[in-house]
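Here is the structure we will look at.
Since every read-out is calculated from the coordinates, none of them should be taken as a lab result. Only a predicted model underlies this, so the values are computations on that prediction, with no experimental measurement involved. Ideal geometry is used to build each Cβ from the backbone, glycine not excepted, and the neighbour counts take in all protein chains shown.
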Amino acid sequence: MLVAGVLLVLAGFVGFFLLSGQEWYVRGAALAVGVVAGIAVGLLSAPGKSFIAFAKDSYKEVRNVVWPTRKEATQTTLVVFAFVLIMAIFLWLSDKSIEWVIFSAILGWK
């Protein structure tokens, strides 16, 4: 049944291009009918039904999420920015130290 849904969507696209001599609304209607019919058939198939069940369960889980307050979100953002700044400084110091060791101490370049 899923294959039939895909074929209906493709038929809508083919109809859109085969009706190139017709008005835009006729072509659009052919495309819309094909896509809607294909999606409807696809959702009525076994994988479509399991997708709908998954979407419903996902929506229930999202409703159970405890979202942070504005204060918590701000504090977390500041902690992340501070960590990124500290890591940037650490990596810059590491890079410059390795550069000094290789070019000045080992190779003797200035």
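Loop-located GluC sites (Glu not before Pro) in region 1-92 (DSSP state not H, G, I, E or B) with no more than 13 neighbouring Cβ atoms inside 10 Å: 23. For Rg and Dmax of the Cα atoms in Å, several values are listed as (1) 14.6, 51; (2) 14.0, 44; (3) 29.3, 78; flag the one computed from this structure. So the calculated entry is the one marked (3).
For region 56-63, 3J(HN,Hα) computed residue by residue from phi via the Karplus equation (6.51, -1.76, 1.60; θ = phi - 60°) reads 5, 5, 5, 5, 4, 5, 5, 5 Hz, glycine and proline entered as x. The convex hull defined by the C-alpha atoms of region 68-110 has an orientation-averaged projected area of 3.1 nm².
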